[in-house]
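Contents: one structure, followed by commentary.
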Amino acid sequence: MIARSIAFVLLCGLTAPLNAQTLPPAATVFQNVRIFDGKVGQLSGPSHVLIRGNKIERISTDPIPTDGSATTMLIDGGGRTLMPGLIDAHWHAMLIRVTPAQSFGDVGYNNLVAGAEATDTLMRGFTTVRDLGGPTFGLKAAIDEGVLPGPRIYPSGAVITVTSGHGDFRQLTDLPRTIGGMLSRMEQVGGAMVADSPDEVRVRTREQLMQGASQIKLTAGGGVSSPFSPVDVTTFTEAELRAAVEAAENWGTYVATHAFTPTAIQRSIAAGVKVIEHGMLMDEATAKLMAEKGIWLSMQPIPEALVLGFPVGSVQRAKAEEVWLGIGPTYELAKKYKLKTAWGTDVLFSRALAQQQGAILASLTRWYTPAEALIMATSTNAELLALSGKRNPYPGKLGVVEEGALADLLLVDGDPIANIKLIEDPAKNFVLIMKDGKIYKNTVPR
Ligand SMILES: [Zn+2]
């Protein structure tokens, strides 16, 4: 046993430095592809793209000579489309395949099912997700270490909420809460933290930052799925929101708030919040304010199936219907005032809906051209990710196909700008998926 351990240590000790020092980083050359670069709404002419290590090194209309070495992989694109990996700006990696009750249950089980879902997420062509609540730090680390395939995760950690606010999934039997007393199960697993004063908000914010949060998420108003928060309510006081903003900004990053109503949005902005999640009940004056202050709108074209998933006659169903009706008008305001608009899905507790991730993106064509929708889910979402500043866990350019950018790429069998429906069937149409220069799927015919 001891001998075997020594042998293992020796092998690891020898091979890792040898690989790192003597071999050039692996390279991939995509030959004869047309490029959607994430910024311009049309494909390039026939091109060739060299990936070395985890970056796009060269893009050329002329063939790129290769050294013919075994570490260089040649992909015959056959005129297919090379585009940036997709980005979902509002995701909950830990809360897709579990039920709400399970999400407070066995942590090991929850991480395993979230891992399986993360692999599926990557296989749908989503190479990055911005996670807006849930204990994702372990999952993120495991993916980054190569334990399992999955997207890059920009984690918020626990959602921070007030007593009875959106994200407070405790039961009435959990009341009253004693400040400084025992944590609820929801808080112990890191799904959401309750904070009812600026001091408590500061502590909870700093705890998420300590664990590696790339941004902080607070719920500034009521929500649909929470049992005890009406949609119209405003929750945190301005001073409480500002406590989170100060702590996040001192740490070099920013706060995003869940907010539907004009009051919740405006109070967030007054406190220094940079990103409004949802915003579906906003009015014209609020849209104008967001435009003036350069505040991001992180929106989701929630599918009707999500609304219909709540039982008829339930409080949640009524709330969902109210919010759902606001999606169209909010997109119209976002266009009218040219708001910086990110796209996300906010799928919760539904593996079936998660499988529609591409279709939810394609549904944006109710308000945007296919090119605009694809630009939003690539370079625009990447701009939002960059707000994390020095707390960006993946420094480098995402969401674009350009020299020097990180190599998160999809090879699409067809032209997704001409036919955005292609992204609804990733198993068939995404013939190659690359993240960080590494190929995770390759069904290109040889
Ligand atoms: Zn959400």
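Please report the spacing between the Cα centers of the stretch 388-446 and the stretch 327-341 in Å, no decimals.
Here the answer is 27 Å between Cα centres.
Distance between Cα centroids, the stretch 351-386 to the stretch 219-286: provide it in whole Å.
When both Cα centres are located, 23 Å separates them.
Taking the alpha-carbon set of the stretch 32-105, what are its Rg and Dmax in Å?
18.8, 57
With labels modelled as points extended 7 Å from the Cα through the Cβ direction, what inter-label distance (nm, one decimal) is found for GLN102 paired with LYS390?
For the pair GLN102/LYS390, the computed spacing is 4.1 nm.
What part of the accessible area of the stretch 243-349, given as a whole %, is carbon or sulfur when the probe is 1.4 angstrom?
Details: 2380 of 4150 Å².
Percent of accessible area from carbon and sulfur atoms in the stretch 243-349: 57.
Give me the dipole magnitude in Debye, nearest 20, for the stretch 291-355 about the Cα centre, with unit charges on the beta carbon: positive for Lys and Arg, negative for Asp and Glu.
Details: 8 positive and 6 negative charges, 46 e Å.
About 220 debye.
For PHE169, PHE430, give the ranking by accessible area with the largest first, probe 1.4 Å.
PHE169, PHE430
Roll a 1.4 Å probe over the protein chains and send me the accessible area per residue for the stretch 342-424 in Å².
Values: 2960 Å² over 83 residues.
Here the residues of the stretch 342-424 average 36 Å² of exposed surface.
Find the relative contact order for the stretch 57-126 and round it to a whole percent, using C-alpha pairs within less than 8 Å whose residues are 6+ positions apart.
Working: 25 pairs, mean separation 21.4, N = 70.
Reported as a whole number, the value is 31 percent.
Between 0 and 90 degrees, rounded to the nearest ten: what's the tilt of helix 284-293 against the longest Cα principal axis of the chain?
The angle comes out at about 50 degrees.
Regarding the chain, what whole-number volume in Å³ per residue does the convex hull of its Cα atoms give? Kindly include the intermediate steps, with their values, before the conclusion.
Values: hull volume 70.7 nm³, N = 446.
Once divided by residue count, the hull of the chain is 159 Å³.
Sorted from largest down, what three extents in whole angstroms do the Cα atoms of the stretch 178-283 have along their principal axes?
For the stretch 178-283, the Cα spread along each principal axis is 38, 33, 21 Å.
Using +1 at the C-beta of Lys and Arg and -1 at the C-beta of Asp and Glu, which of ALA116, ALA256, ILE179 has the Cα lying farthest in the positive direction of the dipole of the chain?
Ranked along the dipole, the leading option is ALA116.
Once Lys and Arg get +1 and Asp and Glu get -1 on their Cβ, which of ALA70, LEU353, GLY165 lies farthest toward the positive end of the dipole of the chain?
Working it through, the farthest residue towards the positive pole turns out to be ALA70.
In debye, nearest 20: dipole of the stretch 191-253 around its Cα centre with unit charges on the Cβ of K, R (+) and D, E (-)? Let's see the in-between values first.
Numbers: 5 positive and 9 negative charges, 43 e Å.
Dipole of the stretch 191-253, to the nearest 20 debye: 200 debye.
Need one number: nm distance between label points at SER44 and SER314, each 7 Å from Cα along Cα→Cβ, rounded to one decimal.
4.9 nm
To the nearest 10 square angstrom, what accessible area does PHE126 show with a 1.4 Å probe?
Solvent-accessible area, nearest 10 Å²: 0 Å².
Quick one: if the Förster radius is 22 Å, what FRET efficiency do ALA427 and MET73 give, using the C-beta to C-beta distance and rounding to 0.05? Walk me through the numbers before you get to the answer.
Working: r = 22 Å, r/R0 = 1.00.
Once the sixth-power term is evaluated, E becomes 0.50.
What nm distance separates the two modelled labels at ALA418 and ASN442, each placed 7 Å from Cα along Cα→Cβ?
2.7 nm
For the stretch 301-446, what size does the Cα cloud have along each of its three principal axes, sorted from largest down, in whole Å?
Largest to smallest, the principal-axis extents are 54, 36, 30 Å.
Once Lys and Arg get +1 and Asp and Glu get -1 on their Cβ, which of THR369, ALA407, ILE302 lies farthest toward the positive end of the dipole of the stretch 292-446?
ALA407
Can you give the translational diffusion coefficient of the stretch 343-419 in µm²/s, computed by Stokes-Einstein from the Kirkwood radius over Cα pairs at 37 °C and 0.692 mPa s?
On the way: Rh = 14.1 Å.
Reported coefficient: 232 µm²/s.
The values are calculated or read from the model by the stated rules, or taken from the named source; none is laboratory data. Because the structure is a prediction, the values reported are computed rather than measured. Virtual Cβ from ideal backbone geometry, glycine too; neighbours counted across all protein chains shown. Surface accessibility is based on the protein's heavy atoms, side chains included, excluding ligands, DNA and RNA. Shrake-Rupley method; radii C 1.70, N 1.55, O 1.52, S 1.80 Å.
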